[in-house]
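Here the structure is laid out as structure tokens; the discussion comes afterwards.
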Amino acid sequence: MPSAQKPMRYGHAEGHTEVCFDDTGSCIVTCGSDGDVRIWENLDDDDPKSITVGEKAYSFALKNGRLITAVSNNTVQIHTFPEGAPDGILTRFTTNANHVIFNNDGTKIAAGSSDFMVKVVEVTDSSKQKTFRGHDAPVLSLSFDPRDVYLASASCDGSVRVWKIADQTCVTSWPLLQKCNDVINAKSICRLGWQPGSGKLLAIPVDKAVKLYRRETWDSQFDLSDKAITQPLNVVAWSPCGQYLAAGSVDGNVVVWNVETQECIERMKHEKRYSIHGLAWHPKHRQIAYTDNEGNLGLLENIGDGNKPNDKVASAATKDYNDLFDGDDDDYLNGEMIEPMSSPKAGANEDDGDDDDLMPTSGRLRRTIIDDDDNSLDIGLIKASSNLLEKEDNDDDDQAGGFTALPPSSTQQPFYDGPMPTPKQKPFQSGSTPTHLMHRFMAWNSVGIIRCYNDEQDNAIDIEFHDTSIHHATHLPNSLNHTMADLSTEAVLLACESTEELASKLHCIHFTSWDANKEWTVDMLKDEDIEAICLGQGWAACATSALLVRVFTVGGVQKEIFSLPGPVVSMAGHGEQLIIIYHRGTGFDGNQCLGVQLMELGKKKKQILHGDPLPLTKKSYLTWVGFSAEGTPCYVDSEGIVRMLNRGLGNTWIPVCNTREHCKGKSDHYWVVGIHENPQQLRCIPCKGARFPPTLPRPAVAILSFQLPYCQVTTEKGQMEEQYWRSVVFHNYVDYLSKNGYELDENAKSRSVKEQQELLMKLFALSCKLEREFRCVELADLMTQNVVNLAIKYASRSRRLNLAQRLSEMAVEKANELAAAQEDEEEEEDFRKHLNAGYSNSATEWSRLPVRNVQQDQEMEDTEEADAYEEAEETPEVHKQRPNPFSKGVTSTEVTTPKSVVIASSGQGRVNPFKVSSNKKDPLVPSANVLDTMTKYSKKNTLSSSRGVNKQNPPVIKPLIPKPKSKQASAASFFQARTPNSSEKTGEEKAGNESHEVKVTTQENTENKRPKTGFQMWLEENRANILADNPDLDEAEVIKEGMSRFRGLSSEERMVWTEKAKGGAVNDLSEDKKRKRPTADEDETEKNQEQKSEESNLSKKTKPSDQSTNVRLSAFAFKQS
């Protein structure tokens, strides 16, 4: 009966996979990179028993009911078989073991590791160990001599050694292999083997042949090779009888030789040409089980049975069979459809194929097969084998029963050679270790640590707080088998997956609750599993398999629900912020395709990032996501790159650290637990030879520094540039927190600004030395106005006059921008107060919060107004009944009676000398703009206005005209009050019953606005000229024309007007300080005089003492403003 190749099936996730039969041959056992050992009753078993042995299983061996595994925590473990119960740890290495084997009677095991060591351990007493040192690179494979005298080992250092077990000495060594630095870079894993029974021969796969060495003499006896082998051989396996030897190659060929006759009796080609990593003979039958590096399992039956088939009969039968199909069918069988990842069942087992340590997807050629079910036959393969039979007649027949290597038939030609999809990363909790571990971290963050213990004695959860003042340590039973956890300063959140009987549950322990009931639980809907959870300030959230995010209050009230565009990967919370990472789609060539949503769940709920793509390093996956202690979103990928959200550059992601640069070994990693921006600290745990730490002994936290990946950081310029921008990025949180109403340490903010400006100044000095004046100007553009002045000094003293001149112009521009920005802020603040006052609806509100009004005023004050406030403090009765400072002028100011502006107790109608009522005009007048009424209210105005309003009637409430967006109209509000326009006249006509004192007060109030700028003074003097040239211009156009003419002046002329304005303001201030409270008669006289002077010339101001233009310029340039 000829041999038969059964269709392969999916067994494990992509990666190195091994296979063996149990002692009786009743089942097939495999292990893979997903950390599972699976027991198959046969190849068609759709429900194999699975034993989870670790995060990743590198190798395993089975004998006498004992299962030993080499797993990713650098240990060699033992389990009972087939129960799968843990039975201890046999030995440990400093890195992972690559191969483990039993000796002939199952009393000893041998393990070879990437730390160059080989150990032989007694199974019954693991304290009896022998260590074999001598290899200079990771050990690839081992083989026990059947007589227990020798041990053979192959290594990445290129050598194959034979050791004498008794005295641990190296008997011989052959330099047979190509050298490499790690197992993953080795061309072959070189699984060697001793001949069963006598141990007469040692078989070693070397390149495209198997070399056989004789025992004791260690001479090479002969080589086994075949024309079908075109790529290096990976693994060899002896049949139990020792008569046959099978070998598998990296391109998917399996060849079987009769060792005695040295002839090839079987050839098999992997249907997808994947590398063969595991070969095992059935202990009783002529079957070979094999596995590849993509996790698939196959079976070859009836090895060596029957004689060489009659080629002519076979070809005739095949021809008749082929006639059943026409050409179109052939085309269909050749395959015009896309093949899934790694096997016909890859789609059905997609979840099983995912792995925390995602192996990069291989880009090898994929060929299609038509596979309706596991038992169906592939007509294409039948035709392919028939073609081989037909072709054999034309080839040499030197090797009886052998087939020569042939090019693939048409049915095996590739149809798609593009990028292949990547398995999707499974959801995980940041700060947690894999769920299959018996002792694991469920969460480690800046608040505390949650550990889970799940062994024979106990299934419990321990919660420990870094700061015990938050809460004491807690021990909880884990009867529901919670697998997810999160911890905050308010609560502990736990979640479990659903079982056949129970729904998936979300369990919260709200330990800061002030009532007695501190726990609550919510059951998810049927067929909905929780996949990720997180806690924020006052809320909890979970993402489920139904692509939903459910938000709860920390007390258990269900809040918002929203859908995710794809399966969740991880989520994190901080304060009001929630960040969710999910799969946007399918990645290719080992890359993940992730998206990120960032939301704020405060009173004003909003989405900051709307599913933007999440940048990851090539062929990497997400390992941690969270927030810095200051609330900036961050994440880490499997390549060790830490990225942070740069709010200062449109919410982009910037890499701030590469933890791999701090690792000593290639297999070392850092496990991130927290990030701080001030001080700049990356808190993480170093993991030697692993991606995550063990729970015991307690890991120590290391602190890494940040470094942005700027170029040429070894130079002085590059180093300072990196420091400057790192300081900028790591202080973006200050602006974010201040916008969101958080209290901030002003000292820290000022220190950061000082640090940044010092770096800019150093860069400026460096550029000056290098004569890079254009670069100097670019740097000065990043400086504050004060530091630009220092740069001007530096340039002047360096005799770079051209540079100093350009910097002076820049300083003027910065000063103008600063002044304009302040004016805009003041306008906006005034308008807000206008709105607040305008809609106040009761007379009692005017006197409700006097202290708060004073505080609001203080925020808007400059020096002269503060002095006026001190003067007003001399009259304490003002505070007692002080109404809202904007009650008359800022509310709808329809003047009903003179009482609203004149002191009510004055029989003669005298005006209060400190009474400065608002200059706002009546908003009911259609031609008046509400912005025309805006001004900056000084404390002097505010306090003194109270007497005139104390006894006034409640104002009439009228709606406000909305604030116009036109900048011209805003600018007009500064100047319209200088000359009464038509709207003022209309207002005066409406208020015709007002006394003379009212008009005087209003006229004076016009002048009592904020200090004039140089442009305002210039405009007052030149308004007549502009109107003469352009009589049809309205007020806004007059100002616009005035601005263009003012800009046309030389810088010196503009400076003169600026100095005029400054001088006038100073003189006015000094007069205010000197002024005492006059008598009522003096007050009236003074008012009349002021009105006359204002009517004669509105623009008269006291000029400063005469100075030369150059002196004024230098004073401006070096003035510390």
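Pull out a ≥ b ≥ c, the square roots of the eigenvalues of the alpha-carbon gyration tensor of the stretch 750-825, then state rounded if a/c is under 1.5, prolate if not and a/b is larger than b/c, and oblate in the remaining case.
Oblate, because a/c is 1.5 or more while a/b does not exceed b/c.
Which whole-number percent is the relative contact order of the stretch 66-179 (Cα, under 8 Å, 6+ apart)? Can you show the working numbers first?
On the way: 292 pairs, mean separation 17.6, N = 114.
So the answer I get is 15 percent.
Peptides 247-257, 275-285, 1023-1033: what's the order by average Cβ count within 10 Å, highest mean first?
Values: 247-257: 23.5, 275-285: 20.5, 1023-1033: 11.5.
The most tightly packed comes first, giving 247-257, 275-285, 1023-1033.
Each label point is 7 Å from the Cα along the Cα-to-Cβ direction; what then is the distance between the points at Lys426 and Glu41, in nm?
Taking the simple label geometry, Lys426 and Glu41 are separated by 2.6 nm.
Give the distance, in whole Å, between the Cα centre of the stretch 62-124 and the Cα centre of the stretch 672-743.
Rounded to whole Å, the Cα centres lie 40 Å apart.
Please compute the per residue accessible area over the stretch 418-487 with all protein chains in place, 1.4 Å probe, rounded to a whole number of Å².
Ligands and nucleic acids excluded, the result is 43 Å² per residue.
Rounded if a/c is under 1.5, else prolate if a/b beats b/c, else oblate: with a ≥ b ≥ c from the C-alpha gyration tensor eigenvalues square-rooted, which is the stretch 66-125? Display every interim value, and only then the final one.
Numbers: a/c = 2.07, a/b = 1.34, b/c = 1.55.
The shape class here is oblate.
Within the accessible area of the stretch 461-535, what % is carbon and sulfur when the probe is 1.4 Å and the other protein chains stay in place?
Values: 2000 of 3930 Å².
Here it works out to 51 percent.
Quick check for you: with a 1.4 Å probe and neighbouring chains kept, what is the accessible area per residue of the stretch 620-683, in Å²? Present the calculation step by step, with values, prior to reporting the outcome.
Working: 2180 Å² over 64 residues.
Per-residue value: 34 Å².
Once neighbouring chains are kept in place and the probe is 1.4 Å, which whole percent of the accessible area of the stretch 230-284 is contributed by carbon and sulfur?
42 percent
What number comes out for the charge environment of Asp637, summing +1 per Lys or Arg and -1 per Asp or Glu over other residues with Cβ under 11 Å away?
Once all neighbours under 11 Å are counted, the net charge is +3.
Under a Cβ-Cβ cut-off of 11 Å, what is the net charge of the residues other than Thr544 that fall near it, where Lys and Arg count +1 and Asp and Glu count -1?
-4
Out of residues 5 or more away from Ala443 or on other chains, whose amide H comes under 5 Å of its own, with H placed 1.01 Å from N in the peptide plane?
Residues meeting the criterion, in which the H sits 1.01 Å from N, are Ile450.
Can you check what the net charge comes to around Ser159, using other residues whose Cβ is under 12 Å from the Cβ of Ser159 (Lys, Arg +1; Asp, Glu -1)?
0
Before anything else, pin down the relative contact order of the stretch 517-578: Cα pairs under 8 Å, at least 6 apart, normalised by residue count, whole percent.
30 percent
Rg and Dmax of the stretch 540-637, using alpha carbons, in Å: what are they?
Both quantities, over Cα of the stretch 540-637: 13.7, 45 Å.
Where the centroid of each part is defined by its Cα atoms, how far is the stretch 562-604 from the stretch 220-266 in Å?
51 Å
Suppose a student asked you for the relative contact order of the stretch 39-111, using Cα pairs under 8 Å spaced at least 6 residues apart; what percent would you report? Show your work: numbers first, answer last.
Details: 139 pairs, mean separation 17.3, N = 73.
So the answer I get is 24 percent.
Could I have the simple spin-label model distance between Leu547 and Glu817, label points 7 Å from Cα toward Cβ, reported in nm to one decimal?
Reported label-point gap for Leu547 and Glu817 is 4.6 nm.
With the crude spin-label approximation of a point 7 Å out along Cα→Cβ, what separation in nm comes out for Asp824 versus Trp514?
Here the modelled spin labels are 4.4 nm apart.
Hey, what's the stretch 1-159 come to in accessible area per residue, 1.4 Å probe, Å²?
Computed with neighbouring chains in place, this is 33 Å² per residue.
Quantify how much of the Cα-Cα distance distribution of the stretch 150-293 extends past 28 Å, in percent.
15 percent
Calculate the FRET efficiency for Ser1044 and Lys793 from the Cβ-Cβ distance with a Förster distance of 41 Å, rounded to the nearest 0.05.
So, using R0 = 41 Å, E works out to roughly 0.80.
So, R0 is 60 Å and r is the distance between the beta-carbons of Lys739 and Asn185; what FRET efficiency does that work out to, to 0.05?
Values: r = 51 Å, r/R0 = 0.85.
So the FRET efficiency works out to roughly 0.70.
Students often check this: by mean Cβ neighbours within 10 Å, which of 800-812, 436-448 ranks highest, and how do the rest follow?
436-448, 800-812
Just list whichever of Lys424/Lys739; Lys793/Lys814; Lys211/Lys269 have alpha carbons separated by over 28 Å in the model shown.
Cα-Cα > 28 Å for Lys424/Lys739; rest within.
Return the FRET efficiency for the residue pair Cys241, Ala700: r is the Cβ-Cβ distance, R0 is 60 Å, and the value is rounded to the nearest 0.05.
It comes out at approximately 0.65.
Sort 468-474, 286-292 by the packing proxy (mean of other Cβ within 10 Å over each peptide's residues), most packed first.
With the highest mean Cβ count within 10 Å placed first, the list reads 286-292, 468-474.
The values are calculated or read from the model by the stated rules, or taken from the named source; none is laboratory data. A quick note: this is a predicted structure, and the numbers were derived from the prediction, not measured. Cβ atoms come from the backbone with ideal geometry, glycine included; neighbour counts cover every protein chain shown. What goes into the accessible areas is simple: the full protein's heavy atoms, side chains included, and nothing from ligands, DNA or RNA. Shrake-Rupley method; radii C 1.70, N 1.55, O 1.52, S 1.80 Å.
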